[in-house]
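Reading through the structure tokens given below for one structure.
A short reminder: the numbers here are calculations on the coordinates, not readings from a lab. All values derive from a computational prediction rather than experimental measurement. Counting neighbours? That spans all protein chains shown, and the Cβs are built from the backbone with ideal geometry, glycine included.
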Amino acid sequence: MAVVETLLLPQALDGQTLYGRFVEANRGAGAIVTFSGRVRGETTAGAVSHLWLDWYPGMSEQSLKAIAEAAAERFDVQALLVAHRCGEVKAEDEIVFVAAASAHRRAAFE
């Protein structure tokens, strides 16, 4: 069974720190794949200064955990980390960070 960790963060998300911690915790993995999503400062509609992401304490964390656990069951990963922001997220800030560890790269990418 995969180790699944989820974080719902009202403060800045530091993907580099999360990556380092994830790698350290999954030294035996043959592959580690990450994804980082950021708030774009410009769109076709114009400049973006920030986004506001509503959340419902308790319920949002449960939903995030359920989605991550379903992904971990579906794909052959050893560990999965999903960190997502909530509240005000400024342009250029990370909004989501996902890391997957597996024995082989195909499973980690999936």
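Numbers for the structure displayed
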| read-out | value |
| --- | --- |
| Selection from Gly37, Leu51, Val4 lying farthest towards where the dipole of region 1-81 points positive, charges on Cβ | Gly37 |
| Exposed-loop-free span, longest in the chain, where trypsin sites (Lys or Arg not before Pro) count as exposed if DSSP calls them loop and at most 13 other C-beta atoms lie within 10 Å | 41-110 |
| Percent antiparallel among DSSP beta bridges (both partners in the chain, rounded to 5) | 75 |
| Additional length obtainable on full extension of the chain from Ser63 to Phe109, 0.36 nm per residue less Cα span | 14.3 nm |
| Centroid-to-centroid separation of region 1-59 and region 71-110 [C-alpha atoms, Å] | 7 |
| Efficiency of FRET between Ser36 and Phe75 - r from beta-carbon atoms, R0 22 angstrom, step 0.05 | 0.70 |
| Estimated 222 nm signal from helices in the chain, with DSSP H stretches of n ≥ 4 weighted -39500 (n - 2.57), rounded to 500 | -8500 deg cm²/dmol |
| Relative contact order computed over region 1-79 (Cα-Cα under 8 Å; 6+ residues apart), in percent | 58 |
| Volume per residue of the C-alpha convex hull in the chain, rounded to whole Å³ | 108 |
| Sparsely packed GluC sites (Glu not before Pro) within region 66-98, loop by DSSP, other Cβ within 10 Å at most 12 | Glu92 |
